[in-house]
């Protein structure tokens, strides 16, 4: 028995809450390095603070996936986790800009604790969205479902990245006192938390998940199979082969992204000049422009996502995936040779196209190879392929930039380009289930 076809707006509502989660993530990606620099961290320490996100994902996502697979309530299977995580996420966003007030004698330690707390809650909220799309859509609509999710993720990334710029336009200061977070970043975090709650509530109250009997019928399984609870190790032993193949691609692509998020701001500081005056941007202007750049690449990602479904239907998911990653490699190369602030937006177009492919194509490929009743936990296990490369780079990044590249953050951007090229090549070894 096939699942009923959902309308565009029903598919939209499935992932609308992800818009708010991504606003929070975007704020974090654009401002974490600056916040920790203001709290006293130096360049060689930044990658260690960025470990909070992948460590949280590594631990939490498989656990949430496993428990949500076996959670059958009148509110649904995934929605309770989405709601609970969103409340904690909003609180963490409100606390982050105030780390220096909460523990004045050790602001770095408090900032690190809140960052870990934030990432744990983000992952609790985010993980069920991946499984929810696969739960509710049949194979003919899954690529469309993940592309719509990608569009919303990128829209959220744009909003989160440009919030500080918008606030400075309305007169909120972008200058920070020593040891404090600037007001335009602080208020961006407060607003981002409020939007996160509103969007998650839309998904929670506009989506009706299938009850266990109906879910079993739609997936040609018995109720006993749907409610079966295997051990985690049994699930790991039976991981689909395509997940391992995709894992190689994921390793290189997410390592590249992690390098960009960590080192983009220090890489362009003291290098990029104002288009109007030809003078170097100040520290505050540079940080604001990093937000603009982080808000630039999701825009072409949004546009690319509008065409991915049709192109993939004709040419296949793998070809689309590889081409997207090649655009990303070209984008990173462009960042290494550009100093004009507006010209930096051009390489971000290539990175944005890669970002669209990374967010949609591996999930479209994987969802067809995973049993429906195990979708949550396998999506959580698949998150290992996102978190492990970030942990590896986070642990080694400080040593690499200091001892191999002479403390040159721009060299780390070049390394990101090499990783993205390797990711594109690795797609050739993925064997997709028809």
Practice problem: Search the stretch 61-76 for residues being modelled with pLDDT under 85 and surrounded by 22 or more Cβ atoms within 10 Å (Cβ to Cβ), and hand back the single one that is nearest to residue 283 (Cα to Cα). | Solution: 61
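Just to be sure, is residue 369 modelled with pLDDT of 90 or more, surrounded by fewer than 20 Cβ atoms within 10 Å (Cβ to Cβ), within 28 Å of residue 144 (Cβ to Cβ) and more than 22 Å from the chain's Cα centre (by Cα)? It would help to see each step written out before you state the result.
Numbers: modelled with pLDDT of 90 or more: no; surrounded by fewer than 20 Cβ atoms within 10 Å (Cβ to Cβ): yes; within 28 Å of residue 144 (Cβ to Cβ): yes; more than 22 Å from the chain's Cα centre (by Cα): yes.
Judged against the criteria, residue 369 is not a match.
Here is a yes/no grid of residues against (1) crowded, with 23+ Cβ neighbours inside 10 Å; (2) under 27 Å from residue 274 (Cα atoms); (3) in contact with a helix residue (DSSP H, G or I) (Cβ under 8 Å, 6 or more places away or on another chain); (4) modelled with pLDDT under 90:
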{"residue": "314", "(1), (2), (3), (4)": "no, no, no, yes"}
{"residue": "332", "(1), (2), (3), (4)": "yes, yes, yes, no"}
{"residue": "346", "(1), (2), (3), (4)": "no, yes, yes, no"}
{"residue": "349", "(1), (2), (3), (4)": "no, yes, yes, no"}
{"residue": "353", "(1), (2), (3), (4)": "yes, yes, yes, no"}
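Does the stretch 131-139 contain any residue that is closer than 30 Å to residue 371 by Cα, out of contact with any strand residue (DSSP E or B) (no Cβ under 7 Å at 6 or more places or on another chain) and not in a helix (DSSP H, G or I)?
Filtering the stretch 131-139 for residues closer than 30 Å to residue 371 by Cα gives 131-139.
Subset that is out of contact with any strand residue (DSSP E or B) (no Cβ under 7 Å at 6 or more places or on another chain): 131-139.
Adding the requirement that they be not in a helix (DSSP H, G or I) leaves 137-138.
Yes: one or more hits.
Condition check: under 18 Å from the mean Cα position of the chain (by Cα) and either more than 23 Å from residue 183 (Cβ to Cβ) or assigned to a helix (DSSP H, G or I) (or both). Does residue 98 satisfy that?
On the way: under 18 Å from the mean Cα position of the chain (by Cα): no; either more than 23 Å from residue 183 (Cβ to Cβ) or assigned to a helix (DSSP H, G or I) (or both): yes.
So residue 98 fails the test.
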Quiz item: Among (1) surrounded by fewer than 17 Cβ atoms within 10 Å (Cβ to Cβ); (2) more than 22 Å from the chain's Cα centre (by Cα); (3) closer than 21 Å to residue 33 by Cβ, which single condition is residue 401 missing?
Solution: (1)
Exercise. From (1) under 24 Å from residue 83 (Cα atoms); (2) touching a residue at least 60 places away in the same chain (Cβ under 8 Å); (3) in a helix (DSSP H, G or I), pick out the condition that doesn't hold for residue 210.
Key: (3)
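Scan the stretch 199-208 for residues that are buried (at least 19 other Cβ atoms within 10 Å of the Cβ) and touching a strand residue (DSSP E or B) at 6+ places or on another chain (Cβ under 9 Å) and jot them down.
Residues of the stretch 199-208 that are buried (at least 19 other Cβ atoms within 10 Å of the Cβ), as a first pass: 199-200, 203-204, 207.
The answer is 204, 207.
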Quiz item: Quick check: is even one residue across the stretch 46-58 touching a residue at least 40 places away in the same chain (Cβ under 8 Å), touching a helix residue (DSSP H, G or I) at 6+ places or on another chain (Cβ under 9 Å), crowded, with 16+ Cβ neighbours inside 10 Å and not in a helix (DSSP H, G or I)?
Solution: yes
Quiz item: When you go through (1) touching a helix residue (DSSP H, G or I) at 6+ places or on another chain (Cβ under 8 Å); (2) modelled with pLDDT under 85 one by one for residue 297, which number turns out not to apply?
Solution: (2)
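Could you tell me which of the residues 360, 364 is under 14 Å from the mean Cα position of the chain (by Cα) and either crowded, with 24+ Cβ neighbours inside 10 Å or at positive phi (or both)?
Residue meeting the stated conditions: 360.
Rundown of residues vs (1) in contact (Cβ under 8 Å) with a residue 60 or more places away in the chain; (2) crowded, with 16+ Cβ neighbours inside 10 Å, yes/no style:
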| position | (1), (2) |
| --- | --- |
| 143 | yes, yes |
| 158 | yes, yes |
| 162 | yes, yes |
| 167 | no, yes |
| 171 | no, no |
| 179 | yes, no |
| 186 | yes, yes |
| 194 | yes, no |
Quiz item: Looking at residue 396, is it out of contact with any helix residue (DSSP H, G or I) (no Cβ under 7 Å at 6 or more places or on another chain), in a helix (DSSP H, G or I) and modelled with pLDDT of 85 or more?
Solution: yes
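A quick yes/no check of all residues on (1) modelled with pLDDT under 90; (2) within 30 Å of residue 299 (Cα to Cα); (3) surrounded by 21 or more Cβ atoms within 10 Å (Cβ to Cβ):
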{"residue": "176", "(1), (2), (3)": "yes, yes, no"}
{"residue": "224", "(1), (2), (3)": "yes, no, no"}
{"residue": "248", "(1), (2), (3)": "no, yes, no"}
{"residue": "278", "(1), (2), (3)": "yes, yes, no"}
Quiz item: Does residue 172 fit the bill of being touching a helix residue (DSSP H, G or I) at 6+ places or on another chain (Cβ under 6 Å), over 18 Å from residue 32 (Cα atoms), outside any helix (DSSP H, G or I) and at pLDDT below 90?
Solution: yes
Exercise. Working carefully through the options 111, 40, find the one that is buried (at least 23 other Cβ atoms within 10 Å of the Cβ), touching a helix residue (DSSP H, G or I) at 6+ places or on another chain (Cβ under 7 Å) and under 20 Å from residue 398 (Cβ atoms).
Key: 111
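The values are calculated or read from the model by the stated rules, or taken from the named source; none is laboratory data. The structure displayed is predicted, hence computed values, not measured ones. Note that each Cβ is placed from the backbone with ideal geometry, even for glycine, and that neighbours are counted across all protein chains shown.
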